[in-house]
Amino acid sequence: MIDLTKVSGLPMEVTDDFQLNLKPGVVESGQKFVRKLSEMEPVLFDRKAKPEQEELYHVYRGISLESDKTLTAVNHIQYDVTIIPPIMLGDEYNKTLGHYHQNIEGSTVAHPEIYEVLNGKALFLLQKMDPEMKNVITILAFEAGAGDKVIYPPNYGHIIVNIGAEVLVTANWISTDYKPLYEPIKEKEGMAIYVIRGKDGQPTFVKNENYENQPLMRKLTMNDKVRTDFGFDAQEPMYTAAIRNPKLLEFLNNPIKYAVQFSSLSS
Ligand SMILES: [Fe+2]
């Protein structure tokens, strides 16, 4: 059992079988789901991998305190939790399926997202394609541990990889108006990079040959910019910060206004 109350700001815990257990006063307004091996096969480095379990990760949507339900609805924001057990998919670390977000109607800008690690060690892998979705033009990787926050700028495809020995638990705030786009990543059999456990036991990065002319992946750190440009302190859970001041999440539904701040995240 892992108690997430202090790190997340919400009374909840992760059970030994990787479920989220909400304590009294916490509600879940979205649909939870389990990602199965059969759904992940198209994006695996080794499609014949036989992990020790079929259920690869769990997502819980629309979590909040009962008393914050109206505030999140009015602001078109939702808080989700993703639980990714430390199992190997052959030589590849367990990961999410990956998607882009659809552009906001009438614009060329998609909804961004903000993540926070609640437990374990994550690698957030982000990639941006050219407007025709033919060539990958930017690949970013952010390593993050408990309390670290990472913002996905608009129009980046993304996955989360569990590169640690513990269960990885992440939270995210996102617009309730966003729509995921899974096909572009499935068509390419995954992201541009696979994260593999090397012979030394450390993550190594293998190119997905379905992406031609790849740029070099850039490893970045982000906490400073999330604080200086977006107002999220490393010490305070992002749930608590956003409920206290919902204006902090204005960028999720009005990303065009924050173009300058977003461009600094990837530099
Ligand atoms: Fe997303």
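The values are calculated or read from the model by the stated rules, or taken from the named source; none is laboratory data. On a predicted model such as this, the values are computed, not experimentally measured, just so you know. All Cβ positions, glycine included, derive from the backbone under ideal geometry; neighbour counts span all protein chains shown. The area values use the complete protein model at the heavy-atom level, side chains included, leaving out ligands, DNA and RNA. Shrake-Rupley method; radii C 1.70, N 1.55, O 1.52, S 1.80 Å.
List of remarks:
- Residue in the range 163-177 that is touching a strand residue (DSSP E or B) at 6+ places or on another chain (Cβ under 7 Å), within 13 Å of the ligand (Cβ to nearest atom) and over 21 Å from L248 (Cβ atoms) present: no
- Test set (1) part of a strand (DSSP E or B); (2) at pLDDT below 95 - K50 fails condition number: (1)
- Taking the range 34-77 as the range and being open to solvent by 40 Å² or more (accessible area, probe 1.4 Å) and within 30 Å of A241 (Cβ to Cβ) as the test, the residues that pass are V34, R61, L65, E66, S67, K69, T70, L71, A73, V74, N75, H76.
- Residue match in the range 152-160 (condition: more than 13 Å from the ligand (Cβ to nearest atom) and of a type outside the set (S, T, N, Q)): no
- Residue in the range 208-230 that is part of a loop (DSSP other than H, G, I, E, B), within 29 Å of V74 (Cβ to Cβ) and not acidic (D, E) present: yes
- Residue match in the range 124-138 (condition: surrounded by fewer than 21 Cβ atoms within 10 Å (Cβ to Cβ) and within 16 Å of the ligand (Cβ to nearest atom)): yes
- Residue pairs meeting the criteria (Cβ under 9 Å; at least 6 apart or on separate chains; first acidic (D, E), in the range 146-161; second within 12 Å of the ligand (Cβ to nearest atom)): D148/Y115
- Among the criteria (1) assigned to a loop (DSSP other than H, G, I, E, B); (2) touching a residue at least 40 places away in the same chain (Cβ under 8 Å); (3) closer than 28 Å to Y211 by Cα, the one R35 does not fulfil is (1).
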